[in-house]
Amino acid sequence: MVQPGTRQAGGTPMMGLMLDRHGWLKPHGQVQCRPSPNYDKRPAGVDPTLLVLHNISLPPGQFGKKHIVDFFLNRLNFNEHPWFENVRSLKVSAHFLIDREGTITQFVSTRHRAWHAGVSSFNGREKCNDFSIGIELEGTDTQPYTDEQYYALKRLTQVIRARHTLKAVRGHEHIAPGRKTDPGPAFKWRRYAREGQWLLRQLPQP
Ligand SMILES: [Zn+2]
């Protein structure tokens, strides 16, 4: 077991990453905060216990996170691409986005409810937004995610767990089956389970 901080002491990316008591990461080189208006309060007394993984790219298959950030801030110029008509009426967000370079952008405090899951159910409990934290990976269901993304996801999982009692992780596809397919077959659950130190029973069952 490596002591916290020692391996990062040489300036490894994301040194000192942590969630403050208000549920925000401190911005630095590979961490950006762009507060979104698309959130509200969690139900009284409900803390997040579920991590939900997604993918997004706007337009689909094209990378460069600007459009995603604009979308979550309700600033997307819908005239820039015909496909954007598909999302014109949506007001959505996630707590975090990890882009292809592994940079983390935070949009919503983990203490608040982001609007990422939609109609969903986990172990018979509906409205997963109420009790989950949503992480978007910039990508598609079929293109391999980058090593930088896995590394950032591992670090983000660690710091969320230090602040919240996470009991399970699921993909959007698992909590909204038939309606959603992300993060898709490209996501390596076994790799993430190992790197994120999840127990077998906390993972989606194949
Ligand atoms: Zn999703």
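Worth pointing out:
- F78 assigned to a loop (DSSP other than H, G, I, E, B), in contact with a Phe, Trp or Tyr (Cβ under 7 Å, 6 or more places away or on another chain), more than 16 Å from the ligand (Cβ to nearest atom) and over 25 Å from W24 (Cβ atoms): yes
- Only one entry of G64, G102, G118 meets the criterion of being part of a loop (DSSP other than H, G, I, E, B) and farther than 23 Å from P27 by Cβ, and that entry is G118.
- Matching residues in segment 123-158 - criterion: being buried (at least 20 other Cβ atoms within 10 Å of the Cβ) and either within 20 Å of R179 (Cβ to Cβ) or of a type in the set (V, I, T) (or both): C128, N129, S132, I133, G134, I135, E136, L137, G139, T140, T157
- Remark: I104 falls outside the filter, which requires a residue to be within 15 Å of the ligand (Cβ to nearest atom), touching a residue at least 60 places away in the same chain (Cβ under 8 Å) and crowded, with 19+ Cβ neighbours inside 10 Å.
- Checklist (1) loosely packed, with under 12 Cβ neighbours inside 10 Å; (2) within 16 Å of the ligand (Cβ to nearest atom) applied to S93, failing item: (1)
- Annotation note: Cβ proximity below 8 Å between a residue of segment 37-48 that is closer than 16 Å to E126 by Cβ and touching a residue at least 12 places away in the same chain (Cβ under 8 Å) and a residue that is outside any loop (DSSP other than H, G, I, E, B) and among the small types (G, A, S) (sequence gap 6+ or interchain) occurs for P48/S132.
- Selection count where residues are under 18 Å from the mean Cα position of the chain (by Cα), charged (D, E, K, R) and surrounded by fewer than 15 Cβ atoms within 10 Å (Cβ to Cβ), scope segment 56-90: 1
- Residue match in segment 183-191 (condition: assigned to a helix (DSSP H, G or I) and within 16 Å of the ligand (Cβ to nearest atom)): yes
- Considering Q197, Q205, the condition of being at pLDDT below 95, over 15 Å from the mean Cα position of the chain (by Cα) and surrounded by fewer than 23 Cβ atoms within 10 Å (Cβ to Cβ) is satisfied by Q205 alone.
The values are calculated or read from the model by the stated rules, or taken from the named source; none is laboratory data. As the structure is a prediction and not an experimental result, all values here were calculated from the model. Cβ coordinates were reconstructed from backbone atoms using ideal geometry, including for glycine residues, and neighbour counts include every protein chain displayed.
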